[in-house]
Each structure stands twice: as C-alpha cells, then as structure tokens.
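The next block holds one structure in the form of structure tokens; read it before the comments.
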Amino acid sequence: MSRPVQNETPTVVKLGGSTLQDMSEAWWDNLAEHGRGHPLVVVHGWSKPLKRLKPQYSEPSAILRDRYGNQSRWTTPEVITDIKTVSAELAEDVLGKLERRGLTGERLLGSDGLVSAGEGERWWWQGKQLVELENLVGPITGVDPARLTNLRPGHIYLVTPLARNTSGQEVNTDADRAAAAVAGATGAADLVLVTDVAHLLIDGEPVSRITAKHAAAFRDKGAIGGMRKKLRAAGEALDQGVERVVIGSAPVTDLLASRTGTVITQS
C-alpha cells in the first residue's frame, strides 16, 4: 500500500451513536488510512449505547421538545454520568481499533475546556403544557482549538461532545453541531457526518449534491428527526468556513471522493 500524501488540514468526522457498532473492519481500515495522511478529529454520538445501558433512555419521556419544536434528550446530572460511562467504553473501543492500525490517539471531553455553551432553554412541552424544567443542555457558543495541541497526520482526537455553560455546569450538546463547531474552529476543509443512511433523500430520491441554501429550505420544510439536525449542522459548518460537508454511511475516503453520499457546499 502506498503511503498517503500528508496534509496538515484536519478532517472532522462525526460518528453517530447508532453506527459505531456496525462498522466493518474494512471501514476502520479506511479511516486509519485516511488518518495517516491527515490530522483526524472524530466526534462521537452515544444514543444507542445509552439506550442499552438503561431501558429508560428508550422511553418517549426521555426526549423533550421545546417551545420552538426542537428536540433534546432530557439531561440530568445522572444522565451526564451515564453519558461519560458509555463514552469511556466507546473511546476505549474506537481508539483501540485505530491504534492497532498504526495511529496514536487521545480522548478529550468537550467539557474540559474545548466546547463552551450558552444557557439552555428552560420551557419544554410535557403533554399539552409548557412547563419549566431544569435540562442540562446548552447551545454551543465556541470551541477553543488550543485544546487540540497535537493536530498532525497519524494522530486522532476522539471528542465526547459535552460542554461547559456560562455557569460552569457540564451540559449535553448536539453531537452533529458540536462536530460542525470543531470543524470551523480548526480550519477543517471537510466535515463528514457518518450516519446509518446512504444519502439525503428528498421526495424519496437520493441527493448526491445540494447547496446550503437548498439544504436549509428542505431542513425547514421537509426534513425530520436526525436529518434535520444534520442539515442544521452542515449549514453552521459552511458558515464557519468549512468548504464542504458530506453525509453518508460509506467509508470516509469514498464519501470525500463523492463516490457516494450527499455533498453540501455553499454554492
């Protein structure tokens, strides 16, 4: 195998919590190959592992909807502790896979000075009533790239997307939007959102390429669930200078080469 040409521009990859256990050995081989030539920052989700940890996290009551229609996991100090528990296990697994393939790596909690968040929404729907609830979730307000002191080819940062709010509380954040903020702060050219679907679908048809403007229009009028958040994250990444965002389920180099998946660009 030829040695990849080294590039100092990082690639940011978000791995969905629903996909981590389903990736083949060949997929990890491919990610490691890309990482030998590019600094890698991988932001991970935890949805499926959290649900496996405790059945209560699969119940509808575990998800809140705010007055604007945005959904969020109801996060208490216990949930933060459980997120850390499953994330530590995920980190050991992911870093082990990549270290066996020749990369070095380290885990970084976003709440350890990397990701900052604003005050969260306090009013949430319960049934047909808006009620005031303490929910440890906050919108991302910044990323300190100085915390990523070892961005170089052959090395991976695995980021758990927790954050600190202005009160110093540790809070939950959306992993897709955290990945977008990290990509923007580190000057990444590419953000890859690895999920369990092969493409963005519009009217049942796969979309191979779309502009940020058209993606935002679909996000607000047709997208649902996780894809809506991914399209919001894509727009935020592009607004911060990321050149393109790719959404898909294939190996990273195939997604970056536009052989599959959906590519989103400003124009």
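Working note: 222 nm ellipticity from helices only, DSSP H runs with n ≥ 4, each -39,500 (n - 2.57), summed and divided by the residues of the chain, gives -10000 deg cm²/dmol to the nearest 500.
Taking 71, 129, 21 as the candidate residues, the one with maximal mean-square fluctuation in a Gaussian network model of the chain, Cα springs under 10 Å, is 129. With all protein chains in place and a 1.4 Å probe, the accessible surface of the chain carries 49 percent carbon and sulfur. Net charge dipole, the range 116-159: roughly 240 debye, given to the nearest 20, about the Cα centre with Cβ charges of +1 for Lys and Arg and -1 for Asp and Glu. Each part gets one Cα centre, and for the range 198-265 versus the range 122-190 those centres are 20 Å apart. Taking a sphere under 15 Å around the Cβ of residue 20 and counting the other residues whose Cβ falls inside, with K and R at +1 and D and E at -1, yields a net charge of -1.
In terms of overall dimensions, the chain has a Cα radius of gyration and Dmax of 17.8, 61 angstrom.
Between residue 84 and residue 167, the modelled label-to-label distance comes to 1.8 nm, taking each label 7 Å out from Cα in the direction of the beta carbon. Explain nothing, just the number: dipole magnitude of the range 35-186 about its Cα centre with +1 on each Lys and Arg Cβ and -1 on each Asp and Glu Cβ, in debye rounded to the nearest 20. Computed about the Cα centre, the dipole is about 500 debye. Considering only alpha-carbon pairs that sit under 8 angstrom and 6 or more positions apart, the relative contact order computed for the range 1-127 is 25 percent. Return the tail of the calculated pair distribution for the range 171-267, meaning the percent of Cα-Cα pairs more than 17 Å apart. When all Cα pairs of the range 171-267 are counted, 44 percent exceed 17 Å.
From the Kirkwood radius over Cα pairs of the range 188-242, Stokes-Einstein at 37 °C and 0.692 mPa s returns a whole-number translational diffusion coefficient of 281 µm²/s. Per residue, the range 1-79 exposes 50 Å² of solvent-accessible protein surface, assessed with a 1.4 angstrom probe and all protein chains in place. Mean sequence separation of contacting Cα pairs (under 8 Å, at least six apart), scaled by the length of the chain, corresponds to a relative contact order of 23 percent. Probing with 1.4 Å while keeping every protein chain in the model, the per residue accessible area of the range 135-263 equals 41 Å².
May I ask for the net charge around residue 196, where only other residues with Cβ less than 15 Å from the Cβ of residue 196 are counted and Lys, Arg are +1 while Asp, Glu are -1? Overall, the nearby charge balance is +3. Site pair residue 122 and residue 208 shows an inter-label distance of 5.1 nm when each label is modelled 7 Å from Cα along Cα→Cβ. Relative to the 2.2 N^0.38 Å rule of thumb, the range 47-107 has a C-alpha radius of gyration ratio of 1.44.
The values are calculated or read from the model by the stated rules, or taken from the named source; none is laboratory data. Keep in mind it's a predicted model, so treat the numbers as computed, not measured. Every residue, glycine among them, receives a Cβ derived from its backbone with ideal geometry; neighbour counts consider all protein chains shown. The protein model used for the area step is the full one, side chains on, heavy atoms only, and it has no ligands, DNA or RNA in it. Shrake-Rupley method; radii C 1.70, N 1.55, O 1.52, S 1.80 Å.
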